[in-house]
Amino acid sequence: MCKTLPAISINGTLYSRENANVSVFDHGFLYGDGVFEGIRIYGGKIFRADRHVTRLFRSAKVLDLPIGWTREEIVEEIRKTAREWAAINGVDVRNNDDPLYVRVVVSRGDGDLGLDPRKCPKPNVVVIVDRIKLYAKEQYENGLALVTTAIRRNLPDTLPPQVKSLNYLSNVLAKLDANRENAAEAIFFNTQGYVAEATADNLFIVSNGEVVTPPISDGALPGITREAVLELAAELSIPRREWHITMPDLFCADECFLTGTAARVVPVTAINARTIGNGRPGPITHRLMEAFVDLTCRDGVCIYDK
């Protein structure tokens with residue numbers, strides 16, 4: 001992947017990376033007080049833009065964080081920033097097989113060193129467009145090795161896992177566990193001992209031909225890619241179910257894969273150094289990977305005016 005220059009919008013104004021600055025008094029920086037979304041652009045089209053922006057607004061609503069923009073204005077700002085990325089990098093993204101990644105961040109805004117949100121009169125809205133590569137091509141072909149982490153998924157009566165907040169410390173700690181074991185990702189369990197998700201992706205297993213993923217109530221983020229894969233499984237007449245997944249279920253699975261905006265659909269072939277299935281990406285995983293690629297070619301809001 002060639003190195004590219006990011007395009008950045010802060011409160012509607014475009015900046016280069018060198019000139020894109022947010023105040024050190026922003027409560028997003030000081031306290032993690034804010035929300036974000038990760039979105040993909042495939043072939044010049046923003047994939048499931050409405051669903052991503054709706055989730056952004058839901059997360060902000062939970063934090064009582066007024067964004068100050070409409071959903072339509074957020075989508076338009078993504079389109080504008082993506083066009084800027086294409087211009088500064090000399091790339092026609094409509095003919096580009098390498099999808100772009102969009103990060104939308106809404107922070108509480110500038111305040112003082114105290115915690116009181118009332119001291120932050122105006123939120124900051126940031127849109128970043130660039131490329132991202134979480135995993136190598138070989139990992140999509142051969143599968144990822146994961147580990148489980150002792151870090152538990154945070155309880156819904158503290159900070160709900162369904163909120164994509166700027167406080168990702170639990171995820172960072174779990175990722176550090178994965179790094180120490182030279183693994184690609186770590187798997188969270190909740191306090192009841194059920195699988196919740198991975199540090200940045202939703203998790204699926206395939207058992208006896210059925211696709212199973214943890215329910216949202218077990219601590220999983222309501223992932224946009226997760227939702228798409230469940231829909232695709234239905235279209236392909238693959239049995240699917242949202243149900244509790246235990247540690248033995250992981251080890252006894254025929255197949256396993258992760259889904260996420262940045263990761264897309266990526267197979268898993270080992271967990272805690274134990275082989276999953278036959279140690280190769282399975283046939284159902286392959287079918288869903290191919291179906292998802294096809295879906296991204298026909299779904300989305302074009303960044304260019306027609």
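Some notes on this structure:
- Using only side-chain charges placed at the Cβ, +1 for Lys and Arg and -1 for Asp and Glu, the dipole size of the chain relative to its Cα centre rounds to 280 debye.
- Near the amide H of ARG264, within less than 5 Å, lie no amide hydrogens of residues on another chain or at least 5 residues away, with H placed in the peptide plane.
- Comparing the chain with the 2.2 N^0.38 Å rule of thumb, its C-alpha radius of gyration ratio is 1.01 (two decimals).
- DSSP beta bridges confined to the chain are antiparallel in about 80 percent of cases.
- Its Cα gyration tensor gives region 80-215 an equivalent ellipsoid, and the semi-axes of that ellipsoid, as √(5λ) in whole Å with the largest first, are 30, 27, 14.
- ³J(HN,Hα) computed for each position of region 48-59 - Karplus, 6.51 cos²θ - 1.76 cosθ + 1.60, integer Hz, glycine/proline x: 6, 4, 4, 5, 5, 5, 4, 5, 4, 5, 5, 4
- Positive-end residue of VAL293, THR149, ILE276, charge dipole of region 137-296 with Cβ unit charges: THR149
- The H on the amide N of GLY111, modeled in the peptide plane, is under 5 Å from the matching H of ASP26, HIS27, each at least 5 residues off or on a different chain.
- Alpha-carbon centroid distance for the pair region 208-240 / region 154-171, whole angstrom: 21
- Here is the result for region 155-222: no trypsin sites (Lys or Arg not before Pro) lie in DSSP coil with at most 16 other C-beta atoms within 10 angstrom of their C-beta.
- Averaging over all projection directions, the Cα-based convex hull of region 137-296 occupies 8.6 nm² in the image plane.
- Derived from the Cα gyration tensor, the three semi-axes of the equivalent ellipsoid of region 7-130 are 27, 16, 10 Å, largest first.
- Order of TRP85, TRP69 under a 10 Å beta carbon neighbour criterion, fewest first: TRP69, TRP85
- Two-site FRET efficiency, ARG58 against ARG274, from Cβ-Cβ distance with R₀ of 41 Å, rounded to 0.05: 0.65
- Within region 145-224, the proportion of Cα pairs with more than 18 Å between them is 38 percent.
- LYS133-LEU113 FRET efficiency (beta carbon distance; Förster radius 45 Å; 0.05 resolution): 0.75
FYI, it's all coordinate maths here, none of it is from the lab. Since this is a predicted model, take the numbers as computed values, not measurements. Virtual Cβ from ideal backbone geometry, glycine too; neighbours counted across all protein chains shown.
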